[in-house]
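The values are calculated or read from the model by the stated rules, or taken from the named source; none is laboratory data. All values reported here derive from a predicted model rather than from experimental measurement. Using ideal geometry, Cβ is built from the backbone for each residue, glycine included, and neighbour counts are taken over all protein chains shown.
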Amino acid sequence: MTTEKQEYQPCDACGVSAEMGFMINENDDIADVQIFANGKTALESELANYLALAKEVNANFKVETTPVDETSTELTARIQFECSAEKLIFELKSRSLAK
């Protein structure tokens, strides 16, 4: 009986599941969101879309944002979920919001 050494060669379907394993890490439950818009009102409006999406994933999330004023053009939010899987679901769903 011979033993052949095989190298890992992901296929389309298998590669997807293998890559997912690298994205879910223990204690990786914080999603960083960067929003770009002109002014406080526009930034807060865009943030509201992300927070509504986070609430759909799990209403028990925490959020911290950078301070903004009327001349701000960027807002950074850190959204903490209860587990890594929720963060991953949020990040996948939020791709439709990113512009």
Open item on the list: Please go through the range 44-76 and give me each residue that is closer than 18 Å to N27 by Cα, buried (at least 17 other Cβ atoms within 10 Å of the Cβ) and either over 11 Å from the mean Cα position of the chain (by Cα) or among the aromatic types (F, W, Y) (or both), ordered by number.
Closed with: V57, F61
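In this structure, does E70 turn out to be at pLDDT below 95 and in contact with a Gly (Cβ under 7 Å, 6 or more places away or on another chain)?
On the way: at pLDDT below 95: yes; in contact with a Gly (Cβ under 7 Å, 6 or more places away or on another chain): yes.
The answer is yes for E70.
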- [ ] Check L88 against each of (1) modelled with pLDDT under 90; (2) surrounded by fewer than 16 Cβ atoms within 10 Å (Cβ to Cβ); (3) assigned to a helix (DSSP H, G or I) and name the one condition it does not meet.
- [x] (2)
